[in-house]
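Engineer: Please find one structure pasted underneath; my questions will follow.
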Amino acid sequence: MSKLPLIAIVDDDQAMREALFDLLQVEGFSARAFADAASFLAAAAVTEFGCLLTDVRMPGIDGIELQQCLRARCSSMPVIFVTSDEDAVTRTQAMNDGATAYLTKPLANAELVRSLDLALERRPGR
Amino acid sequence: MHRHKGACWAFDISLVRALIESVSLGNRPVDWVGTLLAGTLIIDANGDAVHLFGAYSGRARMVGQPVGSFWPAEGRNILADLIVGAVAAYARRGARKIRIKSLVLHDPVLIAWMSDSGELADIVFLTIVAEPVDDRSFWALRTSEERYNNLIHHLPFAFLEVDSRAQAEIFDEQRRKGLRDVAAYLDSNPDDIIRARDIVRITDVNRSAVQLFGARDASELLGPVDPLFAASPETARRVMIHHFEGYRSYSEIMKLRTLDGRLLDVSLSVTYPTRPERLDITLIMLEDITDRLRTEAQLRQVQADYTRAARISMLGELASSIAHEVNQPLSAILTNAETSLRWLSRDEPNLEKVAQLTTRISDSAQHAGEIVRRIRGMTTRHVPRSVELDLNEILQEAFLFVRHDIESRSIELSIQLQRDLPRVRGDRVQLQQVIVNLLVNSVQAIQQRAATRGAIELSTNADARGAVTFTIRDDGPGIAEDDIDRVFNSFFTTKEEGVGIGLAICQSIIAAHGGAISAANRPEGGARFWFSLPTSE
């Protein structure tokens with residue numbers, strides 16, 4: 001299980017951050033959680049993450065800007081948005097910038113796992 | 001009869017003849033003096049008599065009225081005695097004479113007699129024979145008393161003269177015995193208050209008092225002061241305490257039960273006599289403020305309803321921001337619950353993880369409950385309550401309602417709260433409303449300048465003058481110079497969809513809290529709004 005890529009979680013809401021971390025753990029993923037985009041970008045091992053789960057609305061750099069920042073660094077890291085923001089313009093922007101999925105809260109765990117499988121090109125059931 | 005030298009009256013005693021005869025036989029009903037004088041009608045008075053006792057209204061006004069309405073308090077017993085004596089002396093064809101002491105008359109003698117003419121069977125004549133001590137001082141004193149009577153009787157407030165000497169003597173005695181804490185003493189001797197209400201007596205009242213109490217005439221009010229405090233016994237206690245402690249006056253608002261059964265709110269003012277004034281006159285003034293209080297209460301209710309309506313409208317605008325706040329903990333609950341089920345469904349369930357997640361679910365549910373409680377607090381009808389508050393706390397609670405709105409617009413926010421801010425007194429919900437309103441105002445201003453990201457700075461601080469200030473600065477377009485003086489006016493708005501009540505409500509709330517709110521443009525661009533509240537210390 002530990003061979004699976006490391007997943008980064010960026011969410012300013014502590015309860016949600018911890019919930020996502022535990023969800024990934026039970027599903028067999030390793031994860032690291034960040035309270036804001038800046039500390040994620042500052043982490044030395046950004047390139048080691050296999051996928052990014054991020055909220056959209058956050059103080060400072062928001063999720064959309066974070067994805068743009070990664071793309072600007074020529075990173076093709078898969079990005080999955082987990083957000084309460086159902087705004088169509090934001091969703092379109094996220095997808096146009098290369099997001100793998102744009103999931104709205106509250107969401108079922110299975111839905112997130114499906115998107116992760118897609119992002120990591122895992123086969124279901126593995 | 002006007003040929004008589006000195007003051008002279010003629011009284012009709014037909015209404016009180018039975019009482020007079022009863023008194024003659026030694027039966028003296030309670031307050032028989034008051035009853036007798038209220039039923040003894042003046043049918044004539046000469047010029048001196050008018051000057052002596054009735055000058056504030058003139059002879060025409062005296063005739064037909066009970067002598068009790070005019071006769072000075074200190075002479076009432078003497079007059080009643082004279083009338084009874086005159087009736088008793090009639091059989092002997094005699095008169096009743098009393099020599100009295102007086103400050104203004106030299107050796108005066110009062111003489112009362114009845115006519116022996118059958119046509120005048122129920123008439124008692126009274127005359128005062130005396131020379132003034134000194135003509136000038138006599139008339140100066142009379143004129144001054146006339147002015148006083150005029151003033152008192154035409155005052156639009158109920159006015160009572162009270163003789164509290166009996167109580168003052170008791171107080172003097174207790175003071176000599178070493179009593180200091182009269183409040184504690186009255187607490188352990190409540191009967192003393194009841195006794196005081198009996199021995200302290202009303203000796204004169206004006207017309208407004210008769211009207212206020214719903215009495216038939218002044219005489220109905222003369223006697224023990226007890227009825228005054230029937231609906232507010234605690235007031236009697238406080239009036240006594242202030243008397244004992246040597247205060248010059250005492251005021252409070254109290255309930256008054258009138259003689260005809262109405263319950264009124266009245267403002268009571270007591271002025272205690274001090275030497276060398278006449279110690280037998282404690283003045284009590286009563287003003288009926290029932291209507292004023294009712295109107296004020298109605299006005300407060302209307303204001304509270306209006307403020308609440310504005311609050312609900314404001315929350316409506318923030319619905320999506322609030323929904324987001326509730327959605328956050330609900331999402332965490334769902335994710336944690338599903339994760340728990342996954343741990344439980346394993347061949348070897350990880351109960352430790354499940355316990356940890358269940359604790360988090362409980363925390364999130366409580367958090368969601370807290371948010372709902374705050375929203376409900378903003379929407380339910382409540383009577384504003386003044387309690388001690390930390391403005392920093394209020395700011396953080398208010399922020400909940402707009403946080404998502406600010407974040408979703410990527411507005412940069414900086415908050416600088418002064419630590420250990422002195423507490424202020426106020427209504428928690430209304431002050432939250434002011435801060436939310438100001439925040440929404442700034443967010444909307446920034447939105448008008450779509451190009452930039454926008455920034456809001458919030459700060460609190462205390463100044464040396466004992467005020468706590470909340471300040472919000474934004475980098476929006478600022479306020480047009482012509483509008484600065486109008487931003488707090490009702491229905492003033494620069495927004496197409498705005499009604500213009502938000503800032504007006506802020507101002508009325510802050511004013512009701514004894515504070516002030518202001519607006520100005522910042523030199524670097526944008527607007528600054530701030531309000532100050534007095535600290536509770």
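Engineer: Filtering region B:319-354 down to residues that are in contact with a Pro (Cβ under 9 Å, 6 or more places away or on another chain), in contact (Cβ under 8 Å) with a residue 12 or more places away in the chain and among the aliphatic types (A, V, I, L, M), which residue is farthest from A:Glu86 (Cα to Cα)? Quick ask: steps written out before the conclusion?
Structural biologist: Keep residues of region B:319-354 that are in contact with a Pro (Cβ under 9 Å, 6 or more places away or on another chain), which gives B:327, B:330-335, B:343.
Filter once more, keeping what is in contact (Cβ under 8 Å) with a residue 12 or more places away in the chain: B:330, B:332-333, B:343.
Within this subset, residues satisfying the condition of being among the aliphatic types (A, V, I, L, M) are B:330, B:332-333.
Details: B:Leu330: 16, B:Ala332: 17, B:Ile333: 20 Å.
Filtering first and then ranking leaves B:Ile333.
Engineer: Let me ask something else about it. Given the structure, is B:Gly500 within 35 Å of the chain's Cα centre (by Cα), part of a loop (DSSP other than H, G, I, E, B) and modelled with pLDDT of 90 or more? Give the derivation first.
Structural biologist: Details: within 35 Å of the chain's Cα centre (by Cα): yes; part of a loop (DSSP other than H, G, I, E, B): yes; modelled with pLDDT of 90 or more: no.
For B:Gly500, the condition - within 35 Å of the chain's Cα centre (by Cα), part of a loop (DSSP other than H, G, I, E, B) and modelled with pLDDT of 90 or more - is not met.
Engineer: Still on this model: Filter region A:15-29 for residues that are aliphatic (A, V, I, L, M) and either within 19 Å of B:Asn327 (Cβ to Cβ) or facing chain B (nearest Cβ under 7 Å) (or both) and give the result.
Structural biologist: Looking only at region A:15-29, we keep the residues that are aliphatic (A, V, I, L, M), and these are A:15-16, A:19-20, A:23-24, A:26.
Matches in region A:15-29: A:Ala15, A:Met16, A:Ala19, A:Leu20, A:Leu23, A:Val26.
Engineer: Please enumerate the residues belonging to region B:403-424 that are in contact (Cβ under 8 Å) with a residue 60 or more places away in the chain and within 13 Å of another protein chain (Cβ to nearest Cβ). Give the derivation first.
Structural biologist: Just the residues of region B:403-424 that are in contact (Cβ under 8 Å) with a residue 60 or more places away in the chain, to begin with: B:403-405, B:408, B:422-424.
Across region B:403-424, the qualifying residues are B:Arg403, B:His404, B:Asp405, B:Ser408.
Engineer: Looking at this structure, is A:Ser76 away from chain B (no Cβ under 14 Å), touching a residue at least 24 places away in the same chain (Cβ under 8 Å) and within 14 Å of the chain's Cα centre (by Cα)? Spell out the reasoning first.
Structural biologist: On the way: away from chain B (no Cβ under 14 Å): yes; touching a residue at least 24 places away in the same chain (Cβ under 8 Å): no; within 14 Å of the chain's Cα centre (by Cα): yes.
Answer is no for this residue.
Engineer: Just one of the numbered conditions (1) outside any helix (DSSP H, G or I); (2) free of Cβ contacts under 8 Å to residues at least 40 places away in the same chain; (3) closer than 30 Å to B:Leu155 by Cα is not true of B:Arg180; which one?
Structural biologist: (3) is the only condition that B:Arg180 fails.
Engineer: Would region B:380-393 turn up any residue that is away from every other protein chain (no Cβ under 12 Å), in a helix (DSSP H, G or I), more than 19 Å from B:Ser313 (Cα to Cα) and in contact (Cβ under 8 Å) with a residue 60 or more places away in the chain? Don't jump to the end; show me each part of the working.
Structural biologist: First, pick out the residues of region B:380-393 that are away from every other protein chain (no Cβ under 12 Å): B:380-393.
When the remaining residues are screened for being in a helix (DSSP H, G or I), the result is B:391-393.
Of the ones still in play, those that are also more than 19 Å from B:Ser313 (Cα to Cα) are B:391-393.
Then drop every residue that is not in contact (Cβ under 8 Å) with a residue 60 or more places away in the chain, which leaves B:391-392.
Scanning region B:380-393 turns up at least one residue that is away from every other protein chain (no Cβ under 12 Å), in a helix (DSSP H, G or I), more than 19 Å from B:Ser313 (Cα to Cα) and in contact (Cβ under 8 Å) with a residue 60 or more places away in the chain.
Engineer: A:Ile9: within 14 Å of chain B (Cβ to nearest Cβ) and touching an Asp or Glu at 6+ places or on another chain (Cβ under 8 Å), yes or no?
Structural biologist: No: the conditions fail for A:Ile9.
Engineer: Out of the residues in region B:155-173 that are in contact (Cβ under 8 Å) with a residue 40 or more places away in the chain and assigned to a helix (DSSP H, G or I), which is nearest to B:Ile281 (Cα to Cα)? Explain how you work it out, then say what you get.
Structural biologist: Keep residues of region B:155-173 that are in contact (Cβ under 8 Å) with a residue 40 or more places away in the chain, which gives B:155-165, B:167-168, B:171.
Of the ones still in play, those that are also assigned to a helix (DSSP H, G or I) are B:165, B:167-168, B:171.
Working: B:Arg165: 8, B:Gln167: 12, B:Ala168: 12, B:Phe171: 16 Å.
Here the answer is B:Arg165.
Engineer: Here is a further query. For region B:245-255, does any single residue satisfy the condition of being surrounded by 21 or more Cβ atoms within 10 Å (Cβ to Cβ), in contact with a helix residue (DSSP H, G or I) (Cβ under 8 Å, 6 or more places away or on another chain), of a type in the set (Ser, Thr, Tyr) and not in a loop (DSSP other than H, G, I, E, B)?
Structural biologist: No, region B:245-255 contains no residue that is surrounded by 21 or more Cβ atoms within 10 Å (Cβ to Cβ), in contact with a helix residue (DSSP H, G or I) (Cβ under 8 Å, 6 or more places away or on another chain), of a type in the set (Ser, Thr, Tyr) and not in a loop (DSSP other than H, G, I, E, B).
Engineer: Among the residues that make up region B:36-56, is at least one of them modelled with pLDDT under 75, assigned to a loop (DSSP other than H, G, I, E, B) and either loosely packed, with under 15 Cβ neighbours inside 10 Å or of a type in the set (S, T, N, Q) (or both)?
Structural biologist: Taking every residue of region B:36-56 in turn, none turns out to be modelled with pLDDT under 75, assigned to a loop (DSSP other than H, G, I, E, B) and either loosely packed, with under 15 Cβ neighbours inside 10 Å or of a type in the set (S, T, N, Q) (or both).
Engineer: Hey, among B:Arg257, B:Arg207, B:Arg248, which residue is over 13 Å from B:Ile284 (Cα atoms), in contact with a strand residue (DSSP E or B) (Cβ under 8 Å, 6 or more places away or on another chain) and basic (Lys, Arg)?
Structural biologist: Numbers: B:Arg207 fails: in contact with a strand residue (DSSP E or B) (Cβ under 8 Å, 6 or more places away or on another chain); B:Arg248 fails: over 13 Å from B:Ile284 (Cα atoms).
Of B:Arg257, B:Arg207, B:Arg248, the one residue that is over 13 Å from B:Ile284 (Cα atoms), in contact with a strand residue (DSSP E or B) (Cβ under 8 Å, 6 or more places away or on another chain) and basic (Lys, Arg) is B:Arg257.
Engineer: Restricting the search to region B:326-352, which residues are more than 7 Å from every other protein chain (Cβ to nearest Cβ) and not small (Gly, Ala, Ser)? I'd like the intermediate steps shown before the answer.
Structural biologist: Of region B:326-352, the ones more than 7 Å from every other protein chain (Cβ to nearest Cβ) are B:326, B:333, B:337, B:340-341, B:344-352.
Selection gives B:Val326, B:Ile333, B:Leu341, B:Leu344, B:Arg346, B:Asp347, B:Glu348, B:Pro349, B:Asn350, B:Leu351, B:Glu352.
Engineer: Right, another one. Somewhere in region B:282-305, is a residue closer than 30 Å to B:Asn149 by Cβ and exposed (fewer than 12 other Cβ atoms within 10 Å of the Cβ)? If you could, list the steps in order and put the result at the bottom.
Structural biologist: Step one: list which residues in region B:282-305 are closer than 30 Å to B:Asn149 by Cβ, which gives B:282-292.
Right, trim to exposed (fewer than 12 other Cβ atoms within 10 Å of the Cβ) and you get B:291.
Within region B:282-305, one or more residues are closer than 30 Å to B:Asn149 by Cβ and exposed (fewer than 12 other Cβ atoms within 10 Å of the Cβ).
Engineer: Still on this structure: Name the one entry in A:Ala94, A:Ala119 that is more than 9 Å from every other protein chain (Cβ to nearest Cβ), modelled with pLDDT of 90 or more, closer than 19 Å to A:Gln25 by Cα and outside any loop (DSSP other than H, G, I, E, B).
Structural biologist: Working: A:Ala94 fails: closer than 19 Å to A:Gln25 by Cα.
Of A:Ala94, A:Ala119, the one residue that is more than 9 Å from every other protein chain (Cβ to nearest Cβ), modelled with pLDDT of 90 or more, closer than 19 Å to A:Gln25 by Cα and outside any loop (DSSP other than H, G, I, E, B) is A:Ala119.
Engineer: Does B:Ala323 count as small (Gly, Ala, Ser), within 9 Å of chain A (Cβ to nearest Cβ) and surrounded by fewer than 16 Cβ atoms within 10 Å (Cβ to Cβ)?
Structural biologist: Working: small (Gly, Ala, Ser): yes; within 9 Å of chain A (Cβ to nearest Cβ): yes; surrounded by fewer than 16 Cβ atoms within 10 Å (Cβ to Cβ): yes.
It is true that B:Ala323 is small (Gly, Ala, Ser), within 9 Å of chain A (Cβ to nearest Cβ) and surrounded by fewer than 16 Cβ atoms within 10 Å (Cβ to Cβ).
Engineer: Kindly indicate the residue of region A:50-61 that is surrounded by fewer than 22 Cβ atoms within 10 Å (Cβ to Cβ) and part of a loop (DSSP other than H, G, I, E, B) and also nearest to the other protein chains (Cβ to nearest Cβ) among those meeting that condition.
Structural biologist: Within region A:50-61, the subset surrounded by fewer than 22 Cβ atoms within 10 Å (Cβ to Cβ) is A:50, A:59-61.
Then drop every residue that is not part of a loop (DSSP other than H, G, I, E, B), which leaves A:59-61.
Numbers: A:Pro59: 6, A:Gly60: 8, A:Ile61: 9 Å.
Restricting to residues being surrounded by fewer than 22 Cβ atoms within 10 Å (Cβ to Cβ) and part of a loop (DSSP other than H, G, I, E, B), the top hit is A:Pro59.
The values are calculated or read from the model by the stated rules, or taken from the named source; none is laboratory data. Note that this is a predicted model, so its numbers are computed, not measured. Quick reminder, even Gly has a Cβ in these numbers, built from the backbone with ideal geometry, and neighbours come from all protein chains shown.
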